[in-house]
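The values are calculated or read from the model by the stated rules, or taken from the named source; none is laboratory data. Keep in mind that what you see is a predicted model, and the values were worked out from it rather than measured. Note: ideal-geometry Cβ built from the backbone for every residue, glycine included; neighbour counts use all protein chains shown. Only protein heavy atoms, including side chains, enter the accessible area calculation; ligands, DNA and RNA are left aside. Shrake-Rupley method; radii C 1.70, N 1.55, O 1.52, S 1.80 Å.
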Amino acid sequence: MTTLQLCLVISSLLFCIGLVGALSRSHTILVLLGIELMLNAANMNFIAFWRFGASPTAATGVLFAIFSIAVAAAEAAVGLALVIAVYRHQKSVRLEEANRLKG
Amino acid sequence: MNLILVLIGGLMLTAAAVAMSLRNIIHSALLLIGSWLGVSFFYLWAGAEFVAFAQVLVYVGAVSMVVLFAVLLTRRDRQDVVVAPETRTRAISALLVGGSVAGLLVSAVLGTPLATGPAETPTLTVKDLGTLLAGPQAAGLLIAGVILTVALLGAVVLAATDSGKEDAS
Amino acid sequence: MQNEPTSSAPGLAGTPANSSFDILHSPLGSPQQGASVREVNDPFHGDLLEVSMGPHHPSTHGVFRMVATLDGEIIVKLKPVFGYLHRNHEKLGENTTYLASMPYTDRLDYLAGMTNNWAYALAVEKLSGQVATERAEYVRVIVGEMMRIVNHCCLVGFLFNDLGTSFTPLLYAFREREKFLDLFEELTGTRMMYNYQRFGGCRVDPTPEWLAKAKALIDGFPRFLDEYEQFLTGNEIMLARTQGVGRLSPELAINAGITGPVLRATGVGYDIRKVDGYGVYPRFDFRVPIGDHGDTYDRYMMRILEMRESVKILQQAFRDLPAGPIIDPKAKNRGLRPKAGEAYGRIEGPKGEIGFYLISDGSTNPYRYRVRPPSFINLTVLEDMCLGHSVADAVVILGSIDIVLGEVDR
Amino acid sequence: MTATLERLPLLVRDWITGFFPEPVRWLVSGLLAIVAILAVFGLYFAYLTLAERKFLGRFQNRPGPNRTGPFGLLQPFADAVKALTKEDIVPQAADKLLHFLAPCLVVAFGLISFAVIPFGRYLIPVDLDAAVLYFFAAGVSSELALFMAGWASHNKYSMISAMRALAQLISYELPLLLAVVPVIMLSGTLSTSKIVVAQGGWTFGIIPHWNVLTPWGFAGFFIFMIAAVAETNRSPFDLPEAESELIAGHLTEYSGFKYALFFMAEYFGMSALCGLGVTLFLGGWQAPIDILQVVPSYVWFMVKLSCVIFCLMWVRATLLRLRIDQLTRLAWKFLVPLGLINLGNAAFWHLSADWSGPLQIVRWAISAAVIVIPFVLIGRTLSSGLAPRTYRYAT
């Protein structure tokens, strides 16, 4: 197993932990955190390929990771604002109960 | 070399797995911050200094704060941060899906012959990154800026109290 | 200008007895209690947090407790709880002779013992028909106005401490207060528990040296005030923290029986020194400052301006102090048996109207002895002033009312 | 002689590492740096507490601690003994693990920020390429520890304090970063050592080229210091532990040594942030006048650091505490807009770098106007409606 493959295995496992979390939990914030984990796992791949990939001189991997972190920040802000808005209407943070679009 | 990687990976994965199975959300969030720190250690190990610090700044400094705030704002009393356990069917099915995806991904990674480059760390200074971001990638930078601004505005609009309507609901 | 009193009547959330009953039977923060509060106050959205501020909280000026219900940091309900320092003062007064009650009155408002003495002496003098000598009346004005300055120094210093300074303004104010306390010690023998007034006069005559020292101190005092105001009155954080905070409407203030600087800050020009004209006050030229907004800033400024007026009164008193006996030689203090009847003596204390109501049945002890404590009555509007403000403001508002728990609980 | 003094710490390090075989020398020298920081700043912290108490005492017309040792010089050690021997009380309902972790983490985060501060010409523990970013990454974590402390105590005051700590962090991180960005922009680097080098040199041998002596640098330093006071939770922004409102905030349920750790962390954080301020704006270890370079650079750094910290003590002795809404309003409506304007100002300064002669005066005037006018205007709107009043007298 090369180092690159080891990196990729770790990131895949992290992705799956995030996936299991997002699927199994019903607390909205935990689901969001699971999705954040999956995003992080994807980011790890960019860096891993940049570091061990075929052409490390191209900084695309790092740049992509930076953009992806920026987007993740935006996603977290909007997601949690949504959680608060939903909570205000439904008085609950359980996903199953947030099944109406109309408050 | 790989030992360090395995250690970092182990820390990160354990923290994430435990976080996802805990019932106390505050503990979950704090453990996840540990996991994010693990990811930034990985970046440091891989030589991507800037990304590592950006990761800490954004995830530990900003996202975690917003998460903790959201947890505190969406609870009625202290006991509320301990959530009820999920149903068994749900947990089992999620584990099955996650396990199968994991198996699929790992076997795919191990089965694919991946081209690897030179062993030494590629040098990428902050200055290089800045030149890249301001030059060839300027469009991306601008778009990211616009996305962040829009997200900020959207978040404010979503979370702001509409005091007028509140009495009706 | 004024906000309307929101919910509870000025009569206030429960007598002390009721409040303590509530505390004993509902452990704070228990889910049931929280739930009931939420139901009671459901017009407020969001989740409420009930915080018990006190009895051992650094900013409650003693063992006072506020049960505050918070929405975020905003107070939606506040219940003052008194009684932790109850000493049975009034019952003691009924079981001791008239003179023996005099030292106890020092312990009411222990930051302003002299004015308590004076009000009590006035009540007994009315009851027994005695009159203080001319010189004693002037000395009473001197020590009373000095007491007012001492009390206001304390208040202003503690108010700034509540506003979050690290003791600096407090210690500046206390430096001045120490000088006055030294003078009081020289005159009466104690720094805070004076036992100075007697029926028909005062206990000891101030020496000319004492008077010279006191006059020098008073002449220098405006300089301290100028310095203090220059540093603090115009400070932007001070303005932002106090202006518009804790407004009290004149209607509510009058209905609730508020007196003293807290009342005058709302714009009501009621000062017993002018209204009753007790003692020799009509002979002095002084003004009564009044505020327009009734907020914390006005209450602070009332104290500062009153200190300046006190200085004016004191200078006139030193100038006009007549010679003569300090106490009427025929005055009866020991074994005093006033004729059956009743009397109410009140003066304008530093905190408001301090009054003593006495009923005599002809024996050596009063049949009924009742105190009208300004701190306690001013405290009754605390909730109305605090509603809609944050926890930080509640502390400041409480500080600006100027309470002394010895007087609130008696 | 001067050169020897300047290199003295390095010589000592080389002498000690000389006892060890070649392969572990890097490890030993790294450990030495850690030990040196712990020792120097541990002692500095101890005497900072004494100095603060002494200064506060002088500001308040009292002598301050003077009973332990000559002039109270042994007071910090007496305090340490007292803190160590006190009973450690953990509330029964507390989240025991977090309650224990919080003080440890807060000190750890406070200490790791020291790694990138250049203490002298040759004294920088780790010369990172992205040092400024590292510093902020380390700094944001400490507020998280405050949240943990507040949450774990299971006390309502601590809970409110934890919320305040978060709100304060989110509000003041932005102006802090905005104040730093112009420096990075004009130095063209994120490395703290290079930023200090870029501020070297003197005009006529007496006017140093420090960032604080330019209009944008002065404004940046001003914003930076206000935000730094808020970041380190010091008066007048000490809302998380506001003793007159929240008793001691997140510290309410801490006692003994854990309390001392928080105290230590506060001073470490303050030293580190002020150290960064000195590095970015006050020329770091550079001497103020050319001929004063005979004094070793690390001495200059510590002198400047102590001066800045003294100013913070002065502020603490003087000002009132803000309310939480006023605090966040100050950040979002005053410091952030000013920081953004200052960013543009720095860009102008950069673009007009080759102006000379009378144009130099024009450059200064424009740059000063760009920052002073918004300062006055925004300041006026913020404090509108607030003014000392005149009073009537009853007739």
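From the gyration tensor of the Cα coordinates in the range C:229-323, what semi-axes in whole Å does the equivalent ellipsoid have, largest first, with each one equal to sqrt(5λ)?
28, 19, 7
Would you mind listing how long the range B:1-83 runs along its three principal axes, going by Cα atoms, in whole Å with the largest first?
Here the spans come out as 47, 23, 10 Å, largest first.
May I ask you to work out the translational diffusion coefficient for the range D:14-170 at 10 °C, viscosity 1.306 mPa s, via Stokes-Einstein with Rh from the Kirkwood sum over Cα pairs, reported in whole µm²/s?
Once the numbers are plugged in, D ends up at 84 µm²/s.
How high is the relative contact order of the range D:86-378? Use alpha-carbon pairs under 8 Å, at least six apart in sequence, and give a whole percent.
25
Give me the percent of the accessible area of the protein assembly as shown that comes from carbon and sulfur atoms, probe 1.4 Å, all protein chains in place.
In the protein assembly as shown, the share of accessible area belonging to carbon and sulfur is 67 percent.
Let me check the size of the range A:3-97 from its C-alpha atoms; what are the radius of gyration and Dmax in Å?
16.2, 52
Just how many % of Cα pairs in the range C:179-230 lie over 15 Å apart, if you round to the nearest whole percent?
Value for the range C:179-230 (Cα pairs over 15 Å): 56 percent.
What do you get for Rg/Rh over the range C:233-274 if you use C-alpha atoms and the Kirkwood form of Rh?
Rounded to two decimals, Rg/Rh equals 1.08.
Using only the alpha carbon atoms of the range D:243-378, find the Kirkwood hydrodynamic radius as the inverse mean reciprocal pair distance, in angstroms to one decimal.
Across the range D:243-378, the inverse of the average 1/r is 18.9 Å.
Once you keep just the Cα pairs under 8 angstrom separated by 6 or more residues, what percentage relative contact order results for chain C?
Here the relative contact order equals 26 percent.
Report, please, the projected area of the protein assembly as shown averaged over directions, based on the convex hull of its C-alpha atoms, in nm².
Projected over every direction and averaged, the Cα hull of the protein assembly as shown covers 50.8 nm².
On average, how many beta carbons from a partner chain sit within 10 Å of the beta carbon of a residue in B:25-34?
That average works out to 4.
So what's the back-of-envelope 222 nm ellipticity for chain C, counting only DSSP H runs of four-plus at -39500 (n - 2.57) apiece and dividing by all residues, rounded to 500?
-14500 deg cm²/dmol
Semi-axes of the range C:150-214's equivalent ellipsoid from the Cα gyration tensor, sqrt of 5 times each eigenvalue, largest first, rounded to whole Å?
Listed largest to smallest, the semi-axes of the range C:150-214 are 29, 13, 8 Å.
I need the Debye-formula profile for the range D:195-290: one equal scatterer per C-alpha, no solvent, reported as log10 I(q)/I(0) at q = 0.10 1/Å, two decimals.
Debye intensities relative to I(0), on a log10 scale: -0.39.
Quantify how strongly other chains surround peptide D:139-145 by giving the mean number of their Cβ atoms within 10 Å of each of its Cβ atoms.
4
Semi-axes of the equivalent ellipsoid for the range C:169-261, please: Cα gyration tensor eigenvalues, times 5, square-rooted, ordered largest first, whole Å.
Rounded to whole Å, the semi-axes are 33, 23, 11.
Please state, rounded to one decimal and in Å, the Kirkwood hydrodynamic radius that chain C gives when every pair of distinct Cα atoms enters the mean of 1/r.
Taking the inverse mean of 1/r over all distinct Cα pairs, chain C comes out at 22.1 Å.
Compare the peptides D:232-242, B:100-110 by average per-residue count of other Cβ atoms within 10 angstrom and give them in order, highest first.
For the peptides D:232-242, B:100-110, the packing ranking is D:232-242, B:100-110.
In peptide A:34-41, how many Cβ atoms from other protein chains are near each Cβ within 10 Å, on average?
Mean shielding by partner chains, rounded to a whole number: 4.
Could you grab the relative contact order for the range D:327-395? Cα pairs under 8 Å, six or more apart, rounded to a whole percent.
About 43 percent, as a whole number.
Could you tell me how far the Cα centroid of the range C:149-205 sits from the Cα centroid of the range D:190-265, in Å?
39
Can you give the Kirkwood hydrodynamic radius for the range B:1-49, in Å, rounded to one decimal and based on Cα pairs?
Roughly 11.0 Å, rounded to one decimal.
Using alpha carbons only, what's the Rg to Rh ratio of the range D:124-214 with Rh from Kirkwood?
Using Cα coordinates only, the ratio equals 1.17.
Taking the alpha-carbon set of the range D:165-230, what are its Rg and Dmax in Å?
For the range D:165-230, the Cα radius of gyration and maximum Cα-Cα distance read 13.6, 47 Å.
On a 29 Å Cα-Cα criterion, which of the cross-link pairs C:91/C:332; C:351/D:156; D:54/D:194; D:304/D:333 come out too long?
In this structure, C:351/D:156; D:54/D:194; D:304/D:333 lie more than 29 Å apart at Cα.
Based solely on its DSSP helices, what 222 nm [θ] is calculated for chain D when runs of n ≥ 4 H residues each add -39,500 (n - 2.57) and the sum is averaged over all residues, nearest 500 deg cm²/dmol?
Only helices count here, giving -22000 deg cm²/dmol.
Rounded, prolate or oblate: which one fits chain D, using the alpha carbon gyration tensor with axes a ≥ b ≥ c (rounded when a/c is under 1.5, else prolate when a/b beats b/c, else oblate)?
oblate
How much accessible area per residue does chain C have, counting only protein heavy atoms and a probe of 1.4 Å, in square angstrom?
Ligands and nucleic acids excluded, the result is 35 Å² per residue.
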